[in-house]
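Inspection log for the structure reproduced underneath, given as structure tokens.
The values are calculated or read from the model by the stated rules, or taken from the named source; none is laboratory data. Source: prediction; values computed, not measured. FYI the Cβ positions are ideal-geometry reconstructions off the backbone, even for glycines, and counts take in every protein chain you see.
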Amino acid sequence: MSSLSQSIADLRKNYTLQSLDIEDADKDPFKQFKHWFDEALKAEIPEPNAMVLATAAQDGQPSARVVLLKGFDERGFIFYTNYSSRKGKQLAENPLASLCFNWLELERQVRIEGRAERLSQEESDAYFQSRPFESRIGALASAQSSEVSGRAALEQRFATLVDEFSGKAVPKPDHWGGYVLAPQLIEFWQGRPGRLHDRIEYNKQEDGSWLNRRLCP
Ligand SMILES: Cc1cc2nc3c(=O)[nH]c(=O)nc-3n(C[C@H](O)[C@H](O)[C@H](O)COP(=O)(O)O)c2cc1C
């Protein structure tokens, strides 16, 4: 093993900050999520709404990338993207997806699994129009996940659109919008000493209620 690989293998942190007991966890996983999200905000974790979104095409090949959580409510967890991107195509083939938040400063992870559905055009439009001008232009300029000849071509397209829409309303492109991931499973992980971490998993029941249980780390 090279000395660099050896030093990676030696990276080891003992988790000591907090604990999570099933008696203390909220019975409602959305309330528990809000509680932890508020603590992530309070701890000033950089971009606490950054989450890994994993999707898989029908052939089973998974792919993962970071997207930003833009809200959550009784329907689920909301993010925005390009429907023609790789993830958008995969979600069209297979709406089952998962999210993972990694709040290392608090020694916490939250995993979510469920089914992603597109938001209505109206809801996506309302969010699109709340974005800064440059972000709206960026969404128009980028055919996300498709090949581009070079950075210059992208910048040229951006500049042309800035000229075209300067001082005017920027329409949301049809291929851009939100998804809400309706969870079936949510797991809260709190790092503990000796790798005996706390894991509380919530599973949605047929009647819509949630059951939680402790998992081995
Ligand atoms: C911090 C961070 C936030 C991001 N937020 C988003 C987002 O909200 N929506 C999005 O489409 N891509 C976002 N991206 C870019 C994606 O990770 C990814 O590169 C892009 O969506 C293309 O993914 P795909 O080809 O798998 O569809 C973000 C990347 C990072 C690092």
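Numbers at a glance
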quantity	calculated
Residue that is of a type in the set (D, E, K, R), at pLDDT below 95 and away from the ligand (no atom under 11 Å from the Cβ), where the choices are Lys13, Lys27	Lys13
Residue in the stretch 144-166 that is β-branched (Val, Ile, Thr), free of Cβ contacts under 8 Å to residues at least 60 places away in the same chain and closer than 25 Å to Leu69 by Cα present	no
Residue list for the stretch 123-158, filter: assigned to a helix (DSSP H, G or I) and within 12 Å of the ligand (Cβ to nearest atom)	Tyr127, Ser135, Gly138, Ala139
Pairs where the first residue, in the stretch 80-93, is under 13 Å from Asp59 (Cα atoms) and the second is within 8 Å of the ligand (Cβ to nearest atom), C-beta under 6 Å, 6+ apart	Gln90/Thr55; Leu91/Thr55
Verdict on Gln109 being within 16 Å of the ligand (Cβ to nearest atom) and either on the phi < 0 side of the Ramachandran plot or surrounded by fewer than 18 Cβ atoms within 10 Å (Cβ to Cβ) (or both)	no
Hits in the stretch 53-77 - residues which are part of a strand (DSSP E or B), near the ligand (Cβ under 10 Å from one of its atoms) and not small (Gly, Ala, Ser)	Leu53, Thr55, Arg65, Val66, Val67, Leu68
From Ala56, Ala50, residue being of a type in the set (A, V, I, L, M, F, W, C), under 30 Å from Ala139 (Cα atoms) and surrounded by 16 or more Cβ atoms within 10 Å (Cβ to Cβ)	Ala56
Flag if Leu41 is without any contact (Cβ under 8 Å) to a residue 60 or more places away in the chain, more than 14 Å from the ligand (Cβ to nearest atom) and not in a strand (DSSP E or B)	yes
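Let's see how each residue does on (1) under 12 Å from Ile137 (Cα atoms); (2) among the acidic types (Asp, Glu); (3) at pLDDT 95 or above; (4) not in a helix (DSSP H, G or I):
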residue	(1), (2), (3), (4)
Val162	yes, no, yes, no
Ala169	yes, no, no, yes
Lys172	yes, no, yes, yes
Gly177	no, no, yes, yes
Val180	no, no, yes, yes
Gln184	no, no, yes, yes
Phe188	no, no, yes, yes
